[in-house]
Every structure is written in structure tokens, then in C-alpha cells.
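Beneath this line is the structure, given in C-alpha cells, with notes to follow.
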Amino acid sequence: MEGGRPDRRGFGDGGRWVIEGGRPDRRVMRRRWPVALQKLGHCMMNNDKDTGPLPKRRYPAHPTPVDRFNEPVVIFCTVCITDRDALLDNVAAVQAVRLAWQEAEQWRVGEFLCMPDHLHLFCVPGVPHPESVKRWCRYWKRLASQHLPALKGKWQMDVWDTQIRDADHYTEKHSYMRQNPVRKGLVHHWEEWPYKGVLNVIRW
């Protein structure tokens, strides 16, 4: 038996009340929710279960940096060379990007490390309301190409940028950057890698 009991929970369709069971004295009145709400409930109940790794993004998301009370805004960036050409593991390339970062004042670069085909850097706002990291990176890549023409047309168009959440996250990304040459088998210890540096000290 089904009834037209009115909805009391504010949903557009409150579902139907249905008598279920065999013997009359053991019947139970249960709510039959619309299919959409049943699926939503199933998702919420299984939210804590391990459903496997999330799919990796194919393109950077570029979230707007969030100002948190009494915490710095620190962005970790990865910029790549097209076709993975080895253009950055040399003194001339390091000098070119350093000069570009000194001219591009919207964001201030802290520690950085140049791998053969990509580079990592930490940056913080250089002005009260800086332009987006994506636009800033486009600008300094153009400047770096002017300082070193071999880089012209070799930069990938986009940048992977991640805002640091807390001190542990900062330490994690810091270690990841430093250990990159070691993971690639280029050196035994990160201190041996010559194509790195610090422009501004960034503390969490």
C-alpha cells in the first residue's frame, strides 16, 4: 500500500511511503526515495571507502591563491620545456631565468632548481595584489628567452602551480624538488647538482 504522506524534509519530491513485509503484524513502513536521492545517499555512505586513486589532471587547474590568517601565500611551480628537450641544465639558462625573475616583480622567487627539461620554483607575492601565476610565468618566460634566444619558442605554454597548505606541505615539496636530480640518477646527493639557487628566502 502506498500513501501520499507530505514531504517534511524540504526535498522537491519527498518520496513515497510503502508498506513492506509478509505477515500483517510484521509489516514495516519505509520511505522509498526517488532514484536521484538514493544514488546521492549511496555516494555519501561510501565516501570514506577506498575507491582507488583519483584520476590525474591533464591540464593545470590554476586555482586562485587563498589568503589565510597569519600564513604566507607560497606557490610551488613547475615549468617544462616542449618535447622534453634538455635546455635548462646549463649556466646560461640558469642565468637567463634568474635575470627574468628579477625583472618580473609581480611574484618573488625563493628557492629554485633547473632540471634538464623542466624547472621547479617557490614564489610569493611581490606586490599587494599580484597578477595570476600563469600570466606571470608567461611574462618571465618571454624575458628569459630574450636573455637566451635558445629558449625562444621552447617553453610549454602552461605552468603547474600548487599553493602550499602548511609547513608540512612546504617541507614535502621542498624535499621533492631537491631530490629530483637524485631520483633521475644525475647525482648521488642533491647538494652536488649545480643548477639551483635562491633569490629570496621564503620561510613558512
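The values are calculated or read from the model by the stated rules, or taken from the named source; none is laboratory data. What you are looking at is a predicted structure, and each value in this text was computed from that prediction instead of being measured. Cβ: placed from backbone, ideal geometry, glycine included. Neighbour counts: every protein chain shown. Ligands, DNA and RNA are excluded from the accessible area calculation, which covers all protein heavy atoms including side chains. Shrake-Rupley method; radii C 1.70, N 1.55, O 1.52, S 1.80 Å.
Details
- Residue 150 of a type outside the set (Val, Ile, Thr) and within 21 Å of residue 83 (Cβ to Cβ): yes
- The set of residues in region 74-88 being open to solvent by 20 Å² or more (accessible area, probe 1.4 Å) and touching a strand residue (DSSP E or B) at 6+ places or on another chain (Cβ under 9 Å) consists of 78, 82, 84, 87.
- Tally, over region 195-204, of residues that are surrounded by 11 or more Cβ atoms within 10 Å (Cβ to Cβ), assigned to a loop (DSSP other than H, G, I, E, B) and not hydroxyl-bearing (Ser, Thr, Tyr): 4
- Residue ID - surrounded by the fewest Cβ atoms within 10 Å (Cβ to Cβ), chosen from residues in region 174-194 that are in contact with a strand residue (DSSP E or B) (Cβ under 9 Å, 6 or more places away or on another chain) and farther than 15 Å from residue 109 by Cα: 176
- Test: residue in region 126-147 that is more than 27 Å from residue 65 (Cβ to Cβ), touching a residue at least 60 places away in the same chain (Cβ under 8 Å), in contact with a helix residue (DSSP H, G or I) (Cβ under 8 Å, 6 or more places away or on another chain) and not β-branched (Val, Ile, Thr): no
- Summed over region 138-169, the residues that are in contact with a Pro (Cβ under 9 Å, 6 or more places away or on another chain) and open to solvent by 30 Å² or more (accessible area, probe 1.4 Å) give a count of 4.
- Hey, residue 124 over 14 Å from residue 200 (Cα atoms), open to solvent by 10 Å² or more (accessible area, probe 1.4 Å) and among the β-branched types (Val, Ile, Thr) or not: no
- Consider region 55-89 and keep the residues that are under 14 Å from residue 157 (Cβ atoms) and in a loop (DSSP other than H, G, I, E, B). The one that is modelled with the highest pLDDT is 62.
- Flag for residue 190 being in contact (Cβ under 8 Å) with a residue 12 or more places away in the chain, touching a Leu at 6+ places or on another chain (Cβ under 9 Å) and of a type in the set (Phe, Trp, Tyr): yes
- Answer residue from region 146-184, given it is over 26 Å from the mean Cα position of the chain (by Cα) and part of a loop (DSSP other than H, G, I, E, B) and is farthest from residue 89 (Cα to Cα) among those: 152
- Scanning region 102-140 for residues that are hydrophobic (A, V, I, L, M, F, W, C) and assigned to a loop (DSSP other than H, G, I, E, B) yields 104, 115, 127.
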